[in-house]
Structure formats: C-alpha cells, structure tokens
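Written below as structure tokens is the structure these notes are about.
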Amino acid sequence: MKFRSSLFLLPLAVLALKNSAKAQSVIIPIETANNALVLEANNNHDVNTVYFGPKLADSKEYNHIAPAVGKDNDYTGQMASVYTPAGSRNLLEPAIAVTHADGNQSLDLKYVSHKVDKVSDDVSLLTLVLKDNVYNTEVTLYYKSYFKDDVIEQWSTIRNGEKGTLVLNKFASANLYLKAGSFYLTQYHGDWAKEMRPETSQLTHGIKTLDSKLGTRADLFQPPVFMVSMDKPATEDEGTVMYGSIEWSGNYRTDLELDPENNLRVISGINNYASAYQLKAGESFTTPPFLSVLSRNGKGDASRKLQHWARNYKLLDGNGNRLTLLNNWESTYFDFDETKLAALLKDTKKLGVDMFLLDDGWFGNKYPRNGDHSGLGDWQETKTKLPNGIASLVKGATDNGVKFGIWVEPEMVNPKSELYEKHPDWVIKQPKRDEYYFRNQLVLDLANPAVQDFVFGILDGLFTKNPDLAYIKWDCNAVIYNAYSAYLKKDQSQFYVDYMRGLYKVLSRIRAKYPKVPMMLCSGGGGRVDYNALQYFTEFWPSDNTDPLERVFIQWEYSYFYPAISSSNHVTDWSKLPVKYRVDVASMGKLGFDIVISKLPENDLKFVQDAVKNFNGFKDIVWHGDQYRLLDPRENPVASVAYVNEAKTSAVMFNYLVNYRYDEGSKAPIRLKGLDPAKQYKIKETNLYPGTKSGINENQIYSGDFLMKIGINPHVNSGRSSVVLMIEAV
Ligand code: DGJ
C-alpha cells in the first residue's frame, strides 16, 4: 500500500479535501507482465481508476500519475470511478443502481479496505471493499490478474446490510476507464449461419451499448466479445487494443461511454433489462466475471494471450486431448435405425476417427422425435428405432474399436411431448398469452430446482446406464420468448438471472460427478460460447454453417477470442468445394466429419483417411501451440494462418483461396511469424490429394529469419485452392 498526500484537483474533491485535511490517498496498482491498472482511493475516499496502460519500471511512480494527468474538469469526481454508483452526484452511466428498503435510490461508495492475495506464482487477487456511509450497502470488487497473459478478471459482490430488501436495478461486473486520443470498437453481429461478422467504428461521445435479451444464447445476434483499439484501429501486429467479454451465457450488457472528458468508460455485466434483483436483508449478490486483455502489439498478440489464458485457466481440459469424430446429423437427420447406425459405426472405424456421435432423433415414444416438432423432453430411446437401446450402440461402438457419444438438448421441450403434458408448469411461457415457438420448441424453467434436478437427471441417467459413454453434444436451439417462470411467481424480475444460475448449477453438478467427459457446447445458430460456460465444456460449435469458405471467415473471427482446441469444426456436404478444402479448414481446430463415408469416391475416401492420420500428427501444434494470422481473408485473395508449437520447432501453415476470380492466388511469398530466427527449417506439403504432387521443395532448408522476413509461397491458385504446409526444424 502506498500513500500520497496530494491529488489531482477537481472542484468537488477540493472541497472534500478541505473537510478532511488528514485523509491520505491510497494507490492500488494491479500489475501484469506488461501492464498496470492503477486505482486510487483519494482523499475523499472515492476510488477511481487513474491509469490502465504499460506498467512503469518503478512502481513508486504510480503515485505521480494522477497529478500528472488529472487536469480534467470532472464536476463529480466520479467519472473515473471503479464502480460508479447511481443516485448521488454521478452524472454518467452507473455501474450500480439500487433502491433501498425505504425507497431511496441513492448510493455513494467509499473506500474501506483492500488486500492482495497471491493465488499462485502467476495469479493474484485484489479484494477492494467499498461502503455507503449512509445506507448499509457494501460492495466488494475483485480483480484477479493473470500475470503472464496480461489478463484481468473483475467481478463484484453486493451485500445488503439493511433490515429490508435492497433492489438491484443495475449490477455491473466491471467499470473500466481508458484514456486515449480516440477509440475504435470492433463488435460482432450475426444470425443463424452468419455468425461473427465484425464491424469496426470510431466511438463518438455518448453511449454505445452491446447487449443481448435472448435469454439462453447471446451469440445469435450479438456475441459478448469485443475489442477496443486505442488511438487508431489496431492491426494484427501493431496498435494498442483491449479485448473484453462478460463471462455470462445469458442476457448481458456492455456500455461503452465516451465521456465529456474524452475518456472511455466500459461498464459491463449481466443485462439489467427486466431484471431488477431483490436482495433480502443480509443477502449478497455476486456478479459473473468480466475479462479483459490489453496488448500494445496488435490483435494477434492479444489473441494469443487470451487463448493461452483460456487453455490454462478456463476451458475445461484446455491443455488436454480431444476426440475426432463422425457425426450422423447431416447424413441421416432424424431418419435412422439400428441397421443404419451399425453401418455408420463401421464407417467411423474405416475413416480412422476416435468416435461416433449419434445426433438428434434417438428419443421419444408417445411422440417420437422423427422431426423437430415432437419428442424434446422425453429422453427415452425410441423403441421402434432403437429396440436395443443406447447400451447396444455403445457396445457396438466398442466392438468396432471406436467410442460413442450422444446428442442432447436438455433445456428444451416440444409442446408435443409427454414432458409438456406432465409438467406444463416447468415450461417458460406466459400464463395468459399464446405460446410462441423458436424451432417448434420452448425452454424449460431452470430457475425451478425441480427442473434443475430433471436436467441433471437426463445426463446422470445416460452416464449411469452407459458408463462407457464418451462424449456429449449439448445443444440449445431456442431463445426465450414470453419470459415467465411459474416457479418464481411474483419475483419475475429474477427470472433471467435465475435461469442462468440454474443452468450453471446443473453444469457444476454434472462436472462434480463427471469431471472429465468431453462435452460440446452447441447451438444451431450463433454458437453459444462464453468463458463462463466453457468452464464446463471442452469445445463449442461455432456455426451450423460448415461451408469451408464461410468457415475461413467465421473461425478467423472466433479465434481472436477462443483457442483452436475449443472449436468444433465438422466436414460436411454443405459446400461444393473439394473435400480437401473442407478437411483442411476443419483441421484448424477439433476435426470432425458429418458426411456419408460410404458414398465417397475412392480418392476422396483415401484422402480423408490420410488426412485424419496427418491431423493426428499435427493436432498438438494446432491445439496447444500459438496461432499466427498471416493473411486476412477480408483483405487478400488468400487466407493464411499458422500454428507454432511452444518450442518453435514445428509449425503448420494453412492457406486457402478465398477469391475465385480469374487468376487469383498467392502471387508472393507469405511471411511466417512466431518461428525462431536462428533455427533452420524444412517445409513439406501435407494433406495432398491422391495423385497430386507438391511444387514445394522439401529439401530446401530455410532459416526462421528468412521465413519471417521473406516467407514462402504456398502457390495457392484455383487448381490448388487449399494448401497445408508442415514446417519442421532440422
Ligand atoms: C443444431 C445443431 O447445430 C446441429 O448440429 C444438430 O445437432 C441439430 N441441432 C439437431 O437438431
């Protein structure tokens, strides 16, 4: 803890200073490898952010930041607040807004104490306690810093120390304050099969809000991830950029407010839309974390830090292995039986992947799931389709030397189901209004503990009956319309929050009992991905759009925020592009197939079998290495991405034609990144289609220096639309 007696002079702060001449300010720096976030509890006991940028060589000098830069005309002394309270002297967007038991809506939060705990060599946790001097409301802010990766997670706990109920009208996780000449926001929008479309614009004064009100899955329209570049839009390797995201799978809200002093206030948390939360006397509310990573070396560096952090600290089994698979969704849809599946199990083995994944359509008897209008909720095998049950399929897989995984969509119900007939009160719907469907289905009320037990029971039942079940694809295909919980009765404004908390409770119970089994977080349309959910899942489904040309773009954008090991990429027949292009694109992540193996022409079959073997040879580099984006498909006719292992001894470089106009291709060498300049490397083309030869000279030795300054031309053109190169140190 460091003390400083002078502080930057603000009109109101001066008054306060006079009134408490003895008070001293407290400087609280949060340092990571390259950055410092510096907070200051000033003489008025307000806690403000005084700095977020490159860390100083001498930490004592953080004391001098505020007087050096704090010439702003901030009438309130709160523009830079670490957690802006509403209703007292604040004039801007608050982080917290409450209604006290007596109906009063004011709050002012003053510094009480702080402490820093070292969680490990890499991780520290700052706990900062603030309190209102008039009302017994306490807020504890947490800053968990991950030193090596320059990542900070922030969240808050709000405690109601009053005798009556405190209503939380807004309850953000983080309230950041950035200083720069100008700010450029990169945000994402989308819809089914059009996920992760980026838009970059300069932020102007006022508030830009990113949010979701979809209830179950934010990503359909607007994923919670974003980037803020400072002074100019960051490029792949240059510029200052902060990535941010709330770790919450439901409704979120991020306000980016360029304030009157030209500084950027970033306030992010659960969306308070229709969600005023009641805290009874003595109760606390803890928000989900908001994460940020700050880099001065461009978007690539920020993404490698975030991916590294995710593999080490968030994503389930982030440094582990994954199963390659054959999925039957696009080859059979709902139309299968034991005979068809027996053939697919053989195809799985023939293809050489680890597992067969049985998709939607295996359940429901009174209302069999033969289409998407019926059966959701009735998780018993359809006797007419699968008379011998899942157990015999698991056995069949084992007999074929492959593993078996299964699809579920446990949060959902079709109105045409026994579950709906038995438990209409478990279904989210307005009691006095017509039902309204998304994909002919409704969402179950996970705010209700009985529904939580039911959903847990679906998974628990499957695992108990089939201990060898190796994988779960957990789907979520509906948003929440007509939000209303029969269970919550008069407390409807708790619904959106309690739904998500209910889901997390179920997932924690599943993970407590089945810690290791890989699970895919799936949602047809928009994916459903954030770092709260990814604690429970090993991978996510980026999009139903598996056209590889589209996927080059979709995976490119997701990769800024999520590591390749978490990206489930399936080869399908969605596109007319050659099977090689499809497999190469899907190999930049967790490779899977959803094609009819038995119908593949001989050379295609030979190609995919070899490609699976090749993938097994380089998957460690893709899954656990560092990703470097070399050529941006939005700016070039060729997209190029490389993954480099930690020792810089092996790399794999993927190159794709993305512009099919006449004579387009890679006309010049593409410069690599992330290699060791002093090492010597050989380059070999892999995933060659049977009967084709590579023009790449395998015997030529290049230094890393050469490859990073001059590069290598993969000779991508319309005849070689996809080229994968292995780069090995000699
Ligand atoms: C949506 C998923 O994205 C698909 O892969 C498939 O599992 C269907 N749901 C099944 O209904």
I597 - would you say it is farther than 28 Å from D237 by Cα and not assigned by TED's automatic domain parsing to the domain that holds N659? yes
Exception for R629 within (1) open to solvent by 50 Å² or more (accessible area, probe 1.4 Å); (2) within 23 Å of S568 (Cα to Cα) falls at (1)
Within the range 524-536, tally of residues that are crowded, with 24+ Cβ neighbours inside 10 Å, within 15 Å of the ligand (Cβ to nearest atom) and not charged (D, E, K, R): 4
If you check E539 against the conditions, is it over 30 Å from L279 (Cβ atoms), open to solvent by 20 Å² or more (accessible area, probe 1.4 Å) and within 16 Å of the ligand (Cβ to nearest atom)? no
For the range 147-155, check the following and say yes or no: at least one residue is surrounded by fewer than 20 Cβ atoms within 10 Å (Cβ to Cβ) and either free of Cβ contacts under 8 Å to residues at least 24 places away in the same chain or not in a strand (DSSP E or B) (or both). yes
Kindly evaluate N136 against the criterion of being open to solvent by less than 20 Å² (accessible area, probe 1.4 Å) and over 33 Å from the mean Cα position of the chain (by Cα). no
Subset of the range 585-618 (residues that are in contact with a strand residue (DSSP E or B) (Cβ under 6 Å, 6 or more places away or on another chain) and among the acidic types (D, E)): D594
Looking at the range 324-339 only, could you name the residues that are open to solvent by 20 Å² or more (accessible area, probe 1.4 Å), more than 16 Å from the ligand (Cβ to nearest atom) and either outside any helix (DSSP H, G or I) or over 23 Å from A470 (Cβ atoms) (or both)? D337
Can you work out which of the residues in the range 284-315 that are in a loop (DSSP other than H, G, I, E, B) and over 18 Å from V622 (Cβ atoms) is nearest to the ligand (Cβ to nearest atom)? P288
In the range 206-222, how many residues are in a helix (DSSP H, G or I) and closer than 18 Å to L264 by Cα? 0
K403 versus (1) among the charged types (D, E, K, R); (2) within 16 Å of the ligand (Cβ to nearest atom); (3) buried (at least 21 other Cβ atoms within 10 Å of the Cβ): which is the lone unmet condition? (2)
Requiring at least 2 residues that are hydroxyl-bearing (S, T, Y), the strands (runs of 3 or more DSSP E) wholly within the range 21-108 are 47-54
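Of everything in the range 362-377, what is over 28 Å from the mean Cα position of the chain (by Cα) and either within 15 Å of the ligand (Cβ to nearest atom) or surrounded by fewer than 18 Cβ atoms within 10 Å (Cβ to Cβ) (or both)? Give them in sequence order. It would help to see each step written out before you state the result.
Step one: of the range 362-377, the residues over 28 Å from the mean Cα position of the chain (by Cα) are 362-371, 373-375.
W362, F363, G364, N365, K366, P368, R369, N370, G371, H373, S374, G375, listed by residue number.
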Considering residues that are surrounded by fewer than 20 Cβ atoms within 10 Å (Cβ to Cβ), of a type in the set (A, V, I, L, M, F, W, C) and more than 21 Å from A533 (Cβ to Cβ), the number found within the range 194-239 is 2
Checking I510 against (1) within 16 Å of the ligand (Cβ to nearest atom); (2) within 20 Å of G320 (Cα to Cα), which test does it fail? (1)
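The values are calculated or read from the model by the stated rules, or taken from the named source; none is laboratory data. None of the values given here were measured: they were computed from a predicted structure. Virtual Cβ from ideal backbone geometry, glycine too; neighbours counted across all protein chains shown. Heavy atoms of the whole protein, side chains included, go into the accessibility calculation; ligands, DNA and RNA do not. Shrake-Rupley method; radii C 1.70, N 1.55, O 1.52, S 1.80 Å.
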